[in-house]
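Coordinate-derived values only; no laboratory data. Please read these numbers as outputs of a predicted model, since none were measured by experiment. Because the Cβ atoms are built from the backbone with ideal geometry, glycine has one as well, and the counts that use them run over all protein chains shown.
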Amino acid sequence: MDVGKESDVHQTNTSKDGHSQDSNDTSNASEETKQKPLLPNYCDKDNVKGKVVLVVNEEFQYKALERKGAKKDLENLRDVFLKKLGFEQLNVNQEFNLQKKELENLLTVTSEMKYNDTDVFVFAISTHGEERSRDSMQKEHALMCSDEEYVFTTDIIDSFRNNTSLDGKPKIFFIQACRIPYDADTTTDANIYDPGHKVKITTNPAKEAIVIKNNESEISGPMHTIHTVTEKFDKCSLTENNDQAHATQEQVDAGHRSENAQTSQAQGKSVIEQRIENEGRRQQGSGDPGPNSICFLSYNRCPKDCLVVYAIQSGLLAWRNEVDGSWMFHYLHEVIGDYKGSSFVDFFDVLTKTAFRMAKRETNTNDKLTHCKKAVPVIQHRLTKHLNIPLKTLKE
């Protein structure tokens with residue numbers, strides 16, 4: 001191709017700030033802006049009708065599994081969805097300490113309801129949880145009922161997925177529960193806790209670049225100062241300046257303590273690395289090649305128009321405070337409370353701020369294994385519109 005050929009010449013204009021602009025683009029810019037469609041909102045009316053199912057398990061057959069502070073979750077959830085957003089709860093007086101059969105019956109009844117007059121559906125549960133086998137192919141997240149039987153999270157989501165009266169409507173699921181492997185040992189396994197990361201940032205004398213060192217990686221880039229980044233939080237103590245009193249309040253939502261779990265993860269290996277190594281030893285000992293035996297990654301369902309919020313990422317423990325309740329529902333309640341005086345809440349903004357506040361917090365316990373640990377939620381969604389929900393209470 002000849003560079004000077006007329007048909008191949010690309011003409012540009014130079015703007016006042018010196019940037020080059022395509023002449024064709026500038027001529028059509030205003031027209032394209034007008035034609036660009038605005039992202040619609042799921043809730044495009046003032047009188048939004050929402051339905052919510054709340055499940056909170058605090059007591060179990062085995063007394064040591066008691067989830068102190070779980071009642072605060074129920075209080076926070078009711079205030080958020082019933083009072084502030086004006087939703088209707090579908091299971092009043094049937095939301096606390098549910099056995100497996102009771103939860104399954106609740107799912108059957110609520111999943112078969114007609115939601116023709118409903119704009120938003122919410123299901124929120126607070127209980128113990130872990131990742132366990134449904135079959136030999138994969139691990140799935142399971143939720144413990146008060147009788148210590150399990151219901152899989154995917155079954156809960158799927159039960160509402162097939163309700164045609166909810167088609168095209170946002171379906172929101174909050175899962176407050178641990179997501180550690182069923183065979184993990186909470187007393188010795190450091191890798192099921194999130195310690196966070198301290199990032200050291202330094203510069204060379206010429207201030208040309210920095211090197212960020214974080215145990216395993218280095219990242220270079222321009223910088224002009226020397227400082228250490230550490231995240232702290234207001235430790236939500238029971239009494240001010242009483243760390244000893246508060247130190248007993250942080251708990252995890254794992255429903256077991258496995259005495260037979262491997263403990264060599266203290267050597268710095270990840271959960272995945274250790275379990276692969278353990279599986280390799282098991283196969284060598286038994287002669288079983290086990291082609292599917294290492295498929296232990298958790299499978300998570302998220303159908304169209306669904307938003308699923310987990311209190312923690314796969315493989316880690318979720319946190320709950322005996323006074324404040326679980327971290328996720330505590331900060332969800334706090335963030336929506338900050339919208340006082342607004343006409344609506346942007347739900348994605350709410351979840352982002354909730355995650356931010358959780359990330360700023362760390363545990364304060366007397367146990368070295370559990371002290372100064374973090375928790376950040378996981379937000380999965382297949383929503384295709386804005387999710388702005390009007391507030392029912394503009395003033396209190």
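With the cut-off at 24 Å, tell me which of the pairs Lys100/Lys373; Lys68/Lys392; Lys198/Lys340; Lys360/Lys392; Lys101/Lys374; Lys49/Lys83 have Cα atoms farther apart than that.
Lys100/Lys373; Lys68/Lys392; Lys198/Lys340; Lys360/Lys392; Lys101/Lys374
So for each of 110-120, 329-339 I average, over its residues, the number of other beta carbons within 10 Å; can you give me the resulting order with the highest mean first?
Descending packing order for the listed peptides: 329-339, 110-120.
Between Gly196 and residues 5 or more places away or on another chain, which pairs have amide H atoms under 5 Å apart, with H built 1.01 Å from N, and which residues are they?
Lys374
Please compute the length gained on full extension between Cys372 and Asp135, using 0.36 nm multiplied by the number of residues separating them and subtracting their Cα-Cα distance.
Separation in residues times 0.36 nm, less the Cα-Cα distance, equals 81.7 nm.
Using 0.36 nm per residue of separation minus the Cα-Cα distance, give me the extension gain between Asp79 and Asn162 in nm, one decimal.
Going from the current span to full extension adds 27.0 nm.
Label Phe356 and Asn105 with points 7 Å out from Cα along Cα→Cβ: what is the distance between them in nm?
That separation, rounded to one decimal, is 4.5 nm.
What ranking, highest mean first, results for peptides 80-92, 46-58 when packing means the other Cβ atoms within 10 Å averaged over each residue?
Per-residue mean Cβ counts within 10 Å order the peptides as 46-58, 80-92.
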